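A.B. asks: Sharing a structure below in structure tokens format, with a few things to ask.
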Amino acid sequence: MVETNRREIEDAIKDLWIATVEEKKRIITASIEPDILETLVRGGYVKVEGDLIKLTDRGEELGRKIVRLHRLAERLLLDVLDMEEEIYEKASCSVEHAITEELEEAICTLLGHPKVCPHGKKIPPGKCCKKREETFTKVVYTLAELSPGDEGRVCYLASDRLNLVSRLLNMGIVPGSRVKLVRKSPSYIIQIGNTQVAFDEYIAKSIYIIKYHRKI
């Protein structure tokens, strides 16, 4: 991969991975610039069958990696640096190309191994997600990991249960809201403003919090 066009090629592979692997779309050769397609084929990242473009194993592995880095960058810029959407979306497209393997694991561990990006799309897991080594201090926790009296800011919601995220939003548990864990047993109770809300452990594990280390 030539250094002068590395970012352009990586972006093309990322887009192909999202389209073909994640969204299960069929991508035709006419949808990609001929010189980029030629580079992808020559590098062994894609193969052409008729008028369709398909990622090779090498291309699929790299695409998955770039998508992971992009979505981790989004979480970092939003959850830790608190950037606005239009800013972090643009910045993450640059940051993803500069993240080394060591930095990737550090960021992922710092964020508590997030499963979804700010837009609700899955973040492909890395080696560190399987090991879950706590070599860096976490800043993002599930509500279930907090202790009574802990306070923090909701950074995102993630659940496989149908309509659960919508229910939480309707309850006022939205990204950016400040919450305090009142108790964990027999059910979880949190304080949001002047309102207390109760729910079970599964829901508590679906709410991700930036923990405050002092009272607010």
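A.B. asks: Quick one: in region 38-79, which of the residues that are without any contact (Cβ under 8 Å) to a residue 24 or more places away in the chain and of a type outside the set (D, E, K, R) is surrounded by the most Cβ atoms within 10 Å (Cβ to Cβ)?
C.D. replies: Ranking the qualifying residues of region 38-79, first place goes to 77.
A.B. asks: From the set of residues in region 161-216 that are within 20 Å of the chain's Cα centre (by Cα) and β-branched (Val, Ile, Thr), which is surrounded by the fewest Cβ atoms within 10 Å (Cβ to Cβ)?
C.D. replies: Checking each candidate, the answer is 174.
A.B. asks: Let me ask you something else. For residue 44, which of the numbered conditions (1) at pLDDT 95 or above; (2) small (Gly, Ala, Ser); (3) under 25 Å from residue 143 (Cα atoms) fails to hold?
C.D. replies: For residue 44, the exception is condition (3).
A.B. asks: Looking at (1) closer than 28 Å to residue 5 by Cβ; (2) surrounded by fewer than 19 Cβ atoms within 10 Å (Cβ to Cβ); (3) touching a residue at least 12 places away in the same chain (Cβ under 8 Å), which one does residue 127 not meet, given that it meets all the others?
C.D. replies: Status for residue 127: all satisfied but (1).
A.B. asks: Let me ask something else about it. What number goes with the only condition from (1) part of a loop (DSSP other than H, G, I, E, B); (2) touching a Lys or Arg at 6+ places or on another chain (Cβ under 8 Å) that residue 119 does not pass?
C.D. replies: So residue 119 meets the others, but not (2).
A.B. asks: Of the conditions (1) at pLDDT 85 or above; (2) part of a strand (DSSP E or B), residue 202 satisfies every one except a single condition; which number is it?
C.D. replies: Single failed check for residue 202: (2).
A.B. asks: In addition: Whether any residue in region 130-148 is under 30 Å from residue 39 (Cα atoms) and of a type in the set (Phe, Trp, Tyr) is what I want to check.
C.D. replies: No: region 130-148 contains no residue that is under 30 Å from residue 39 (Cα atoms) and of a type in the set (Phe, Trp, Tyr).
The values are calculated or read from the model by the stated rules, or taken from the named source; none is laboratory data. This structure is a prediction, so every number in the text was calculated from the model and none was measured. With ideal geometry, Cβ positions are generated from the backbone for all residues, glycine too; neighbour counts draw on all protein chains shown.
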